[in-house]
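All remarks here apply to the structure that follows.
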Amino acid sequence: TGIKCGGVLSAPSGNFSSPNFPGLYPYETECTWLIVVAEGSSVLLSFSHFELEYHDACAYDYLQVYNGAARDRGNLLGTFCGHSPPPPFSSAWHVMAVVFRSDRHVAKHGFAAAYRKGIQEGWWWWWQRIHPSILSHCLHHLCLLADACGGQLTGLSGEITSPRYPESYPNDAECRWSIGGAGGSGPLTLVFADFQMEGGQGCGFDYVALFDGPTVTAPRLGRYCGSTRPPRTVSSTPHLLIIFKSDFNIGGRGFKAHFYSAGECQEVFTAIKGNFSSPQYPSFYPNNLQCQWSIHLPPGYRVKVFFLDMELEGRSSLTGGCDYDHLSAFEGGTENGSLLGRWCGRESLAPVTSHSNQLLLVLHTDRNTAKRGFSIAYVGVVPMNVSCTRTDFHIQIPVQSLSQLEKNRIYLGTPSCAARVVGRNFKIHTRFDTCGTESQRRNNTSVIVSTLYIDFSVGDQEDIHQYEVQCEPKKKEASVTLIAGPDPSRLSQAENLVDAQQWEGEAMDAREIKSQDTSDIVFISICILAGLLMVIAVVGLVLL
């Protein structure tokens, strides 16, 4: 109950996996996938990962493959469990069924499978009955036939991999993926996440070729081999053809690539601030999406993400987790980074801040139950160190974080209090009685407040980020708060950026620490001198 799995797979090619894959599959689950391709064709099925509970007779957790829709023992091609993946299969007609079952004990990572439409062999079923030994021999040598690859892909986004990825791809393989053609009108983008193939001058052996259209007559966008990932490729049409070919020897790990409809399902942001939303927001997002938004800011920045609106499919009633549609945030530029959070349902979420200058957001949707989606704004948090004494503010910002700005574009209170460059830092050192600083009482505490301006304006387009810097002189404690930056009307409230103070830069040197403490020493000396004068005065009065 509560587990979504199985269903009818009717596309010419596709992938499916056990529930929660690559996580542990749930207990007491039964799923049936019915694969139906065009009449006159066969189904070619292969497994890229397989890990089920082991039993000699596969009596506990198991996977069964049927040659057809009916669960008739006469149609059963095999029952499998343990760690050894099933062999590739080719159905006798255009229908194949796959059944997965788990009991109430011992869960494993499950399986991942791929299928595609193949050429139906009219004699296959007859031969299976008459010549089982010959059939077994043929199955051993038909791995290439059943290494499912290629097909027509029409979704807004998707993933393609070479046969057997991440294991070495087979020799003498040729696969063609034709992407687009389902009403999409925009260009397509292809990004390779992994790439390792046989190299060679001119890529004459194993290679991946890209064409700007549905056929090889379209302009070629590139031909790639070796171990260098191909560049991000954007088509000029709503179609993209990908051809993978291997020769008779020397292979490699192959490749994994993501495609998406440009501007809808995946974008890369390098601006200091921006916003984006799920496809078709605020209308319901499509099913079967794997969308990525990558935010890559200059070195030293951190990325702060604000969730303006979010409504996804809710949590699993069985596990309580976001097992269906979900949005995930990863540290860095890939899904291999640390997971910062995974969300689903309709929630009011606190902002999320990265620990580096890169953050990746990934939206995954399954095959049913769509919702409104999400709207997100982000801003690059300028790394800074703000400290104070009883009389002064000290502000440091790494030059590399604002390398595009002149020092006079960074100032405290008024432009006359601009930063200066010392070493590899922009620095502002100013007394409390200058630079627009004022004294206020907040929560029954006296504080010193000023505004730090960082001017990113270009031409007539004004873009000034404002940070409120605050000091509590008695405790010598400073803080910084963003008060204007990423469209404050949408963010509604200033966000505390104290966490941004711990930037990974050079610590203040001894001279700076000494300069900070000078004012404290002077202040203490004055107090002592005043006390001594008072004592002398009292003694003098007594003597008189």
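The values are calculated or read from the model by the stated rules, or taken from the named source; none is laboratory data. Quantities reported herein were computed from a predicted structural model and do not represent experimental measurements. So basically every Cβ, Gly included, is an ideal-geometry build from the backbone, and we count neighbours across all protein chains shown. When the accessible area is computed, the model is the full protein with side chains, heavy atoms only, and any ligands, DNA or RNA have been set aside. Shrake-Rupley method; radii C 1.70, N 1.55, O 1.52, S 1.80 Å.
Between residue 76 and residue 234, what is the label-point separation in nm under the 7 Å Cα-to-beta-carbon projection?
So the two model labels end up 5.4 nm from each other.
Using a cut-off of under 15 Å, list every residue of the range 391-420 whose amide N is near the label point 7 Å from the Cα of residue 433 along the Cα-to-beta-carbon line.
Output list for this probe position: 391-393.
Count neighbours as other Cβ atoms within 10 Å of each site's Cβ, and list the chymotrypsin sites (Phe, Trp or Tyr not before Pro) in the range 245-329 that are DSSP loop with at most 16 such neighbours. All intermediate terms of the calculation are to be shown ahead of the outcome.
On the way: sites: 248, 255, 259, 260, 269, 276, 284, 293, 301, 306, 307, 324; in loops: 248, 284, 301, 324.
Here the sparse-neighbourhood loop sites are 248, 284.
Using the eigenvalues of the Cα gyration tensor, what equivalent ellipsoid semi-axes result for the range 148-261 when each is taken as the square root of five times the eigenvalue, whole Å, largest first?
Whole-Å semi-axes of the equivalent ellipsoid: 23, 14, 12.
Round to a whole angstrom and tell me the spacing of the C-alpha centers of the range 405-462 and the range 304-354.
If we compute the Cα centre of each part, the gap is 36 Å.
Multiply the residue separation of residue 24 and residue 443 by 0.36 nm, subtract the distance between their alpha-carbon atoms, and state the gained length in nm to one decimal.
Stretched out fully, the residue 24 to residue 443 stretch lengthens by 145.8 nm.
Mind listing P(r) for the range 385-484? All alpha-carbon pairs, 5 Å bins, whole percents.
Taking all Cα pairs of the range 385-484, the binned fractions are 3, 13, 24, 25, 18, 10, 5, 2, 0 percent.
What percentage of all Cα-Cα pairs in the range 295-445 are separated by more than 23 Å?
Working: 6199 of 11325 pairs.
That tail contains 55 percent of the Cα-Cα pairs.
What spacing in nm lies between the two simple spin-label points modelled at residue 319 and residue 217, each 7 Å away from Cα in the Cβ direction?
Simple spin-label model gives 4.8 nm for this pair.
Determine ³J(HN,Hα), in whole Hz, for all residues of the range 160-168 in sequence, where each value follows from phi through the Karplus function 6.51 cos²θ - 1.76 cosθ + 1.60 and θ = phi - 60°; x replaces Gly and Pro.
10, 9, 5, x, 6, 3, x, 6, 5
Using only the alpha carbon atoms of the range 264-381, find the Kirkwood hydrodynamic radius as the inverse mean reciprocal pair distance, in angstroms to one decimal.
Averaging 1/r across every pair of different Cα atoms and inverting gives 14.2 Å.
With a probe of 1.4 Å, find how much accessible area the range 231-379 has per residue, and write the answer as a whole number in Å².
The answer is 39 Å² per residue.
Sort out for me the Cα centre separation of the range 375-396 from the range 273-289, rounded to whole Å.
Taking the Cα centre of the range 273-289 as reference, the centre of the range 375-396 is 33 Å away.
Per 0.36 nm of contour for each residue apart, how much would the distance between residue 296 and residue 408 grow if the chain were fully extended, relative to their Cα-Cα spacing? The partial results should precede the final answer.
On the way: separation 112, 0.36 × 112 = 40.32 nm, distance 2.57 nm.
Net length gain for the segment: 37.7 nm.
So which GluC sites (Glu not before Pro) in the range 161-241 pass both tests, a DSSP loop state and at most 16 other Cβ atoms within 10 Å of the Cβ?
On the way: sites: 167, 174, 198; in loops: 167, 198.
When the GluC sites (Glu not before Pro) of the range 161-241 are filtered for loop state and at most 16 Cβ neighbours within 10 Å, 167 remain.
For labels at residue 355 and residue 270 in the simple 7 Å Cα→Cβ model, what's the distance in nm?
According to this spin-label approximation, the distance is 2.7 nm.
Measuring from centroid to centroid over Cα atoms, what is the spacing of the range 187-245 and the range 78-108 in Å?
What the calculation gives is 33 Å, centre to centre.
Are there GluC sites (Glu not before Pro) in the range 420-470 that DSSP marks as loop and that have at most 11 other Cβ atoms within 10 Å, and which are they?
In loop regions of the range 420-470 (DSSP not H, G, I, E or B), the sparsely surrounded GluC sites (Glu not before Pro) are 462.
On a 1.4 Å probe surface of the protein chains, which of 188, 77 comes out largest in accessible area, and what is the full order?
The residues order as 77, 188, largest area first.
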